[in-house]
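**Q** Just dropping this structure here.
The values are calculated or read from the model by the stated rules, or taken from the named source; none is laboratory data. On a predicted model such as this, the values are computed, not experimentally measured, just so you know. Positions of Cβ are generated from backbone atoms using ideal geometry, with glycine treated the same way; all protein chains shown enter the neighbour counts. Side chains included, ligands, DNA and RNA excluded: accessible areas come from the protein's heavy atoms. Shrake-Rupley method; radii C 1.70, N 1.55, O 1.52, S 1.80 Å.
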Amino acid sequence: MGNGTVRPGDRTGAQITASSGLDEAAAGLGTEIVRFTRLIAAWKQRAKNDATAADRVLLARLVVGGDRRATDLAADAFLDLSTVSRQVRSLVERELVARRPDPEDRRGSLLTATDAGRAAFEHYRRQRDAELAALLECWPAQDRADLIRLMSRLNDDLVEHQHARLSPGGDQGAAVKQGDIHA
């Protein structure tokens, strides 16, 4: 089973019930998060035909979060600045992102999504939403609502937990805000 393949029967998290202890629930959640992460990575790999994952992530940060400097964009996206710089250069060349002088510091520049960049972002979002709608089509409405509610709660708790862990050390909280941007 090497190379990250997930078989349909790999469902250890499905054995957790309401009577399971906290340690069992944590282990089950951990297993399912790892499985989910691997499945999302495989999904992203298949979706690379029309744009890189970095295109989607960076455009989402600019469209939803607003204009920002490359350093802030890198922190928000949890990416290395050199990676973001290369990707931004490509986005600028394709006229999906524009640079303009930072009014607070003329030595730097702000990045902004262009109209074409916003359209590309909306295309990626519609494509993602259509694929998820097809996936959830056979789920009962209550299960869909419960999934969204619980995923939102998990994300909120992860952001809060990360913020609490990183805040005393200083400025690392900026990267945690990435969890607050809904795209």
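**Q** ASP23 - would you say it is over 16 Å from TYR124 (Cβ atoms), open to solvent by 40 Å² or more (accessible area, probe 1.4 Å) and part of a helix (DSSP H, G or I)?
**A** The answer is yes for ASP23.
**Q** May I ask you to list the residues in the range 133-163 that are farther than 20 Å from ILE33 by Cα and of a type in the set (A, V, I, L, M)?
**A** Of everything in the range 133-163, those that are farther than 20 Å from ILE33 by Cα and of a type in the set (A, V, I, L, M) turn out to be ALA133, ALA134, ALA141.
**Q** Inside the range 55-69, can you point out the residues that are among the acidic types (Asp, Glu) and either touching an Asp or Glu at 6+ places or on another chain (Cβ under 7 Å) or not in a helix (DSSP H, G or I) (or both)?
**A** The answer is ASP67, and nothing else.
**Q** Can I ask one more? What is the number of the single condition among (1) modelled with pLDDT of 95 or more; (2) exposed (fewer than 15 other Cβ atoms within 10 Å of the Cβ) that GLU131 does not meet?
**A** Evaluating GLU131 over (1) modelled with pLDDT of 95 or more; (2) exposed (fewer than 15 other Cβ atoms within 10 Å of the Cβ) leaves (1) as the failure.
**Q** Does ALA183 meet the test of being of a type in the set (Gly, Ala, Ser), modelled with pLDDT under 95 and under 24 Å from ARG89 (Cα atoms)?
**A** It is true that ALA183 is of a type in the set (Gly, Ala, Ser), modelled with pLDDT under 95 and under 24 Å from ARG89 (Cα atoms).
**Q** Do you know which of the residues in the range 92-108 that are in contact with a helix residue (DSSP H, G or I) (Cβ under 8 Å, 6 or more places away or on another chain) and more than 21 Å from LYS44 (Cβ to Cβ) is least open to solvent (accessible area, probe 1.4 Å)?
**A** If we take residues in the range 92-108 being in contact with a helix residue (DSSP H, G or I) (Cβ under 8 Å, 6 or more places away or on another chain) and more than 21 Å from LYS44 (Cβ to Cβ), then ALA98 is least open to solvent (accessible area, probe 1.4 Å).
**Q** Then there's this: Could you grab me the full set of residues in the range 70-91 that are more than 16 Å from THR52 (Cβ to Cβ) and either open to solvent by 70 Å² or more (accessible area, probe 1.4 Å) or of a type in the set (A, V, I, L, M) (or both)?
**A** Within the range 70-91, ALA70, THR71, ASP72, ALA75, LEU81 qualify.
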